[in-house]
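The values are calculated or read from the model by the stated rules, or taken from the named source; none is laboratory data. Predicted, not measured: the structure shown is a model, and the values here were computed from it. Here the Cβ positions follow ideal geometry from the backbone for every residue, glycine too, while neighbour counts run over all protein chains shown.
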Ligand SMILES: Cc1ncc(C[n+]2csc(CCOP(=O)(O)OP(=O)(O)O)c2C)c(N)n1
């Protein structure tokens, strides 16, 4: 090897170091092992006990750091297991560089054990870019391209398949480059948007996850206050983008066309910031926005701009777009709209999800992060657990369960000591329960609060939408979350009475290691045949 040459492995690790991807999330197999020869001491390997868990942990980590996370999976089956989480990362617009091992090039013609046929196609269409390099020496450049593509707005996962024999081949060193990541919208269109908003009598703002991803929290508050505009959270938003006790906060739009129109009725201008127009969950007919209203959308995703059914769409980094609007002259002063009516306080007489959310809000430490995947409890969360600080709420944009538990682990890893509170349905948590083991091994301060209602209740509720009164396969009896937690090294307790809740939550919130609190919600506790708990750790 000439001095200017490195092994592919050396060139890749040098590159990963330069790109600040020194944490490897993965689950290894034979086709990846040569990558780990002389694993550098400044790198760490975060093991997920199943590939969907590894990718979701990386998703949480990347979302919390704002920079791409590196993932290494095991050939076709590893990518197959991970696909649900890859889809979620794609919908979350989370930058991930996902690599997977492939069988040795020389035996690929013989369809060997553990090979991946059409490896680069397997994760499509839910990766932004994908390849299996034509030559071993092209692997470092492929990983560099995967990183730059993942980080360009709209961010998302990318994929590189790497044959096992490539790591010992030679390659030239690869210097990292500076590659622009954002796009600032057309200044003339943004000026027109500002003028149109100034002319409006009743402007409203709809905020989506793009506001949080682009760090536009302050700019959004400034723009809303300048216009006295009420601010709605966009349907199913995966991040928090506006202080939910601000006098201008209007609430959460439902994911249904007619109900959105009803919420926005009376406005004559809608500014959608970092949000699709709109995220629907059920069919609908009629207009997408109230009659007579105009709509302007600022989004970083050209596809989202293209499919929006109404309005003017401006492709832009949201923070830069809002700043451009703020640089225009302000509107004439407008009267302040009426604030929201505060929710009625829940009394400690029934252990409902409403009471649970209220007590989490009361007891959670300042700066703690909430990760949610408890579908039928989300309305209670919206009412009783307001999110007040930027970057303190995460859920998934895809609707695919199995993200929340491992994402909470990845976020805790990135936040280095901050308390993370994962509010998880009993059904949802079972899609990726192995994430508890990673939390325990990494000794991360995550409080896993399991909303134990004994069923896939969101589906029971949703059945009514289709006129169904009874559904098969939605009851979840006999699950014992304390046993599942203890079996993976996580302390746990079960609560079945209001009187025991505060102590259990306070203990979990104060702990510097993971703790699971299983909360048996009333009514359904008996249906699920659950033992009673008293909040003491077991
Ligand atoms: C991967 C995946 N499989 C199935 C579903 C369908 N689904 C939506 S909500 C839900 C129930 C979730 O149950 P749980 O976490 O207990 O919350 P609850 O509905 O009781 O609030 C299911 C199965 C989904 N969204 N994602």
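Descriptive notes on the structure:
- Note on region 473-498: residues that are surrounded by 14 or more Cβ atoms within 10 Å (Cβ to Cβ) and within 11 Å of the ligand (Cβ to nearest atom) amount to 4.
- Reported count of residues in region 414-434, each being within 16 Å of the ligand (Cβ to nearest atom) and either at pLDDT below 95 or part of a helix (DSSP H, G or I) (or both), is 4.
So that you can scan it fast, the table gives a plain yes or no per residue for (1) within 22 Å of the chain's Cα centre (by Cα); (2) modelled with pLDDT of 95 or more; (3) closer than 19 Å to residue 220 by Cα:
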| site | (1), (2), (3) |
| --- | --- |
| 265 | no, yes, no |
| 272 | yes, yes, yes |
| 279 | yes, yes, no |
| 286 | no, yes, no |
| 292 | no, yes, no |
| 295 | no, yes, yes |
| 298 | yes, yes, yes |
| 302 | yes, yes, no |
| 311 | no, yes, no |
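- None of 326, 347, 320 is under 16 Å from residue 221 (Cα atoms) and surrounded by fewer than 17 Cβ atoms within 10 Å (Cβ to Cβ) except 326.
- Contact map, region 452-464: residues that are at positive phi paired with residues that are more than 6 Å from the ligand (Cβ to nearest atom) and at pLDDT 95 or above, Cβ distance under 9 Å, separation 6+ or inter-chain. Pairs shown: 454/475; 454/476; 454/477; 454/479; 454/520; 454/521.
- For region 435-443, the criterion of being modelled with pLDDT of 95 or more, within 16 Å of the ligand (Cβ to nearest atom), under 21 Å from the mean Cα position of the chain (by Cα) and not in a strand (DSSP E or B) is met by at least one residue.
- Test result for residue 410, within 16 Å of the ligand (Cβ to nearest atom) and either touching a strand residue (DSSP E or B) at 6+ places or on another chain (Cβ under 7 Å) or touching a residue at least 12 places away in the same chain (Cβ under 8 Å) (or both): no
- Single residue of region 62-118 satisfying the filter (surrounded by 24 or more Cβ atoms within 10 Å (Cβ to Cβ) and more than 28 Å from the chain's Cα centre (by Cα)) that is farthest from the ligand (Cβ to nearest atom): 102
- Test: residue in region 341-361 that is over 28 Å from residue 460 (Cα atoms) and touching a residue at least 24 places away in the same chain (Cβ under 8 Å): no
- Residue list for region 451-472, filter: within 9 Å of the ligand (Cβ to nearest atom), assigned to a loop (DSSP other than H, G, I, E, B) and either farther than 23 Å from residue 495 by Cβ or in contact with a strand residue (DSSP E or B) (Cβ under 6 Å, 6 or more places away or on another chain) (or both): none
- Every listed requirement among (1) modelled with pLDDT of 95 or more; (2) within 30 Å of residue 324 (Cβ to Cβ) is met by residue 141 save one, (2).
- A count restricted to region 160-175 and to residues that are out of contact with any strand residue (DSSP E or B) (no Cβ under 7 Å at 6 or more places or on another chain) and either exposed (fewer than 15 other Cβ atoms within 10 Å of the Cβ) or without any contact (Cβ under 8 Å) to a residue 12 or more places away in the chain (or both) stands at 2.
- Looking across 376, 398, one residue alone is under 17 Å from residue 431 (Cα atoms), within 13 Å of the ligand (Cβ to nearest atom), in a helix (DSSP H, G or I) and modelled with pLDDT of 95 or more. It is 376.
- When residues of region 201-230 are limited to those that are part of a loop (DSSP other than H, G, I, E, B) and touching a helix residue (DSSP H, G or I) at 6+ places or on another chain (Cβ under 8 Å), the one surrounded by the fewest Cβ atoms within 10 Å (Cβ to Cβ): 215
- With respect to the conditions (1) surrounded by fewer than 23 Cβ atoms within 10 Å (Cβ to Cβ); (2) away from the ligand (no atom under 16 Å from the Cβ); (3) at negative phi, residue 367 falls short on a single one, namely (3).
- Residue within region 295-302 that is over 23 Å from residue 248 (Cβ atoms) and within 16 Å of the ligand (Cβ to nearest atom) present: no
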